[in-house]
Amino acid sequence: MSLTCQVQVVLNNISQEKAKTVKKALEPDNVNFPEGLSLYVENIDNKLVFNFESKKNMKHLIGTVDEVLEHIQVALKVIE
């Protein structure tokens, strides 16, 4: 049996400019993910949507979500 977990994090009411900046700031972190773990980021209207998926280790998923949220927070503070 295979377990797949998906987590979606949505930043609401974010300007297109801020969304692009945050997305670009995270690009270097969105490479060399552990096997079975993925992240897809998309702009939808005034939202920045982060889609995480893990097909193996849930600890890696939790750690990755936590790390990405920390990086988002730092990027948003730098922008302000």
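Roughly what angle does helix 58-79 make with the longest principal axis of the chain, taking Cα atoms, 0 to 90 degrees, to the nearest 10? Once rounded, one gets 10 degrees. Take every pair of alpha-carbon atoms less than 8 Å apart whose residues are at least six positions apart; their mean separation over the length of the chain yields a relative contact order of 39 percent.
When the alpha carbon gyration tensor of segment 41-80 is reduced to an equivalent ellipsoid, the three semi-axes, largest first, read 22, 15, 4 Å.
Each peptide in 18-26, 2-10, 64-72 receives the mean, over its residues, of other Cβ atoms within 10 Å, and ordering these scores from highest gives 18-26, 64-72, 2-10. Here the Karplus curve 6.51 cos²θ - 1.76 cosθ + 1.60, taken at θ = phi - 60°, turns the phi angles of segment 45-57 into couplings of 6, 9, 10, 10, 10, 10, 10, 9, 9, 10, 10, 9, 8 Hz, with x standing for Gly and Pro. For segment 10-19, putting each phi into the Karplus relation 6.51 cos²θ - 1.76 cosθ + 1.60 with θ = phi - 60° gives couplings of 10, 9, 8, 6, 10, 5, 4, 5, 5, 4 Hz, in residue order, rounded to whole numbers and with x for Gly and Pro. The share of alpha-carbon pairs in the chain lying farther apart than 22 Å comes to 24%.
Every number in this text was worked out from the coordinates using simple rules, so none of it is lab data. Quantities reported herein were computed from a predicted structural model and do not represent experimental measurements. Note: ideal-geometry Cβ built from the backbone for every residue, glycine included; neighbour counts use all protein chains shown.
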